[in-house]
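*Asks:* What follows is a structure written as structure tokens; I'll ask about it next.
The values are calculated or read from the model by the stated rules, or taken from the named source; none is laboratory data. Since this is a predicted model, take the numbers as computed values, not measurements. Backbone-built Cβ (ideal geometry, glycine too); neighbour counts: all protein chains shown. SASA here: full protein model, heavy atoms, side chains in, ligands and nucleic acids out. Shrake-Rupley method; radii C 1.70, N 1.55, O 1.52, S 1.80 Å.
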Amino acid sequence: MALHLVKLCVGCDSIEDLAAWIDFRFAEQRAAGLIPEQFHTTRMVPKRVDELLDGGSLYWVIKGKVQCRQKLLDIRPFTDEQGIGRCHFVLEPRIIPTQWQPRRAFQGWRYLAEDQAPADEISGQSGQALPAELRQELAELGLL
């Protein structure tokens, strides 16, 4: 059974903001002559790496709700220029929308068991998910 992480997506107001940030970072990396790779840097290194890399994802909390996830590809501890231990969560750049799940604010990241993780969003009959603005309004009304 896979183990996941949940983390606040600070600075993003929507899944579209997160996607734009990923595109921006990829463009920066390409301009610098690097092979584009998406990662998130954090201070703490998870102890349960094997479980996380066995199909785990990083679930993003945006505006107080888990809204999407990205598959974890690797976890790379390193020491920065100031000698502080840090960690890169290497992520698949594809963002998978999930059913919204309320979350209170917290610092850092938390483990998320498979049975507590929100399901992936199922598209409507037309194959289209609800627009972000409509989803936000429905969530604020307590209907999502």
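*Asks:* P(r) for the range 32-99: what percent of alpha-carbon pairs falls in each 10 Å bin, starting at zero?
*Replies:* 19, 44, 31, 5
*Asks:* In addition: So what's the back-of-envelope 222 nm ellipticity for the chain, counting only DSSP H runs of four-plus at -39500 (n - 2.57) apiece and dividing by all residues, rounded to 500?
*Replies:* Value at 222 nm, helices only, nearest 500: -6000 deg cm²/dmol.
*Asks:* Hey, what's the Cα Rg ratio for the chain versus the globular rule of thumb, 2.2 N^0.38 Å?
*Replies:* Here the answer is 1.09, to two decimals.
*Asks:* Additional query: Under the 0.36 nm per residue contour assumption, what length would be gained going from the current alpha-carbon distance of residue 48 and residue 115 to full extension?
*Replies:* Between residue 48 and residue 115, full extension yields an extra 22.4 nm.
*Asks:* Whenever you get a sec, compute what percent of the accessible area on the chain sits on carbon and sulfur atoms (1.4 Å probe).
*Replies:* The computed percentage sits at 52.
*Asks:* Name the lysines eligible as straight-distance cross-link partners of residue 71: C-alpha to C-alpha under 19 Å, and not fewer than 8 places from it in the same chain.
*Replies:* Cross-link targets: 7, 47.
*Asks:* What FRET efficiency comes out for residue 28 versus residue 2 if R0 is 22 angstrom and r is the Cβ-Cβ distance? Round to the nearest 0.05.
*Replies:* 0.10
*Asks:* Dipole magnitude of the chain about its Cα centre, charges +1 at Lys/Arg Cβ and -1 at Asp/Glu Cβ only, in debye to the nearest 20?
*Replies:* My answer is approximately 400 debye.
*Asks:* Related question: Provide the gained length on full extension for the span residue 137 to residue 78, in nm with one decimal, where the gain is 0.36 nm per separating residue minus the Cα-Cα distance.
*Replies:* 17.1 nm
*Asks:* Let me ask another. Can you pull out the GluC sites (Glu not before Pro) in the range 1-96 that DSSP calls coil and that have at most 16 other Cβ atoms within 10 Å?
*Replies:* Answer by residue number: 37, 81.
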